[in-house]
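Taking it in order: structure first as structure tokens, then the write-up.
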Amino acid sequence: METAHPETGAQPGRPSHDRARLCVVALMLAVGACLLWPATRGSLWTDEMITWITVRRPWRESLAQRQDYAAPLYQTLLRCWVDRAGHPSELSLRWPAVLTAMLSVGAMYRLGRQCGGHRTAMWAAASLAVNPMLLLHGSEARPYTLWLLASILSMDVLLRLRRHGGRRWLTWYAAATTVMLWSHYMGILVLAGQGLWLIFGALRAGS
């Protein structure tokens with residue numbers, strides 16, 4: 001008789017695992033295909049123009065500007081390849097959002113496996129892949145999908161840290177959470193939620 005995995009609750013079986021991973025890859029590619037067309041079409045809208053203005057300014061000056069309150073990671077990444085003196089294409093400013101939207105689907109599958117096994121993971125990944133907000137913000141030159149990806153990874157690593165302990169997972173959690181906070185300041189809300197989850201978990205274990 002087959003038993004469930006002690007950590008994820010998933011049933012053993014390599015073929016089903018491989019099929020699930022192929023489905024996740026297909027979902028990621030489908031999200032990318034849906035986002036690439038709008039990412040190459042249409043002019044920048046107001047907030048995206050603010051991103052472009054931010055990138056053109058000196059980095060220290062951009063941190064203090066009042067027009068954009070987003071954390072600095074997205075605009076810092078753009079500085080690595082965008083010619084600040086020229087006129088970059090819409091795609092050159094938007095493709096990091098497209099890529100991180102795709103990766104978020106895979107990260108959600110990984111998180112879902114920890115929470116409930118392959119079936120839960122597939123439902124979670126599929127739900128995110130068709131989420132209107134992901135499809136809306138995934139083709140904009142804004143940091144929202146970068147923040148989403150980092151938030152999912154932060155929670156995923158926190159679960160592993162709580163389950164296994166150890167310096168390695170603590171280091172990965174610190175890295176993922178730092179990226180989350182530097183992607184968007186809304187990351188502080190995720191951090192607060194994680195703290196409450198740990199507190200309630202400790203109280204429940206002690207009762």
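The values are calculated or read from the model by the stated rules, or taken from the named source; none is laboratory data. All values reported here derive from a predicted model rather than from experimental measurement. Backbone-built Cβ (ideal geometry, glycine too); neighbour counts: all protein chains shown. Accessible surface areas use protein heavy atoms only, side chains included; no ligands, DNA or RNA. Shrake-Rupley method; radii C 1.70, N 1.55, O 1.52, S 1.80 Å.
Okay, here's what the table says:
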| quantity | calculated |
| --- | --- |
| Rounded to the nearest 20 debye, dipole of the chain from Cβ charges on Lys, Arg, Asp, Glu | 480 debye |
| Kyte-Doolittle mean at least -0.5, axial Cα span of 18 Å or more - DSSP H helices of the chain | 14-40, 90-116, 144-164, 167-183, 187-206 |
| Given charges at Cβ of Lys, Arg, Asp, Glu: the range 79-205 dipole, positive-most of A205, V130, L93 | A205 |
| Residues in the range 84-115 reached by a label modelled at A26 [backbone nitrogen below 16 Å; 7 Å Cα→Cβ] | 106 |
| Rounded, prolate or oblate (a/c below 1.5 giving rounded, otherwise prolate when a/b exceeds b/c) for the range 97-162 by Cα gyration tensor | oblate |
| Built amide H within the under 5 Å cut-off of A71, gap 5+ | H184, Y185 |
| Hull shadow area, averaged, the chain [alpha-carbon convex hull, nm²] | 14.1 nm² |
| Cα-centre dipole for the range 65-156 with unit charges at Cβ (Lys and Arg positive, Asp and Glu negative), debye to 20 | 160 debye |
| Overall Cα dimensions of the range 92-207 - principal axes, largest extent first, Å | 50, 32, 23 |
| Portion, in percent, of the accessible area of the chain that falls on carbon or sulfur, probe 1.4 Å | 66 percent |
| Loop-located chymotrypsin sites (Phe, Trp or Tyr not before Pro) in the range 175-207, at most 14 other Cβ atoms within 10 Å (DSSP) | Y185 |
| Pairs of Cα atoms farther than 21 Å apart, the range 41-126, % | 45 percent |
| Computed accessible area, W59, all protein chains, 1.4 angstrom probe, square angstrom | 90 Å² |
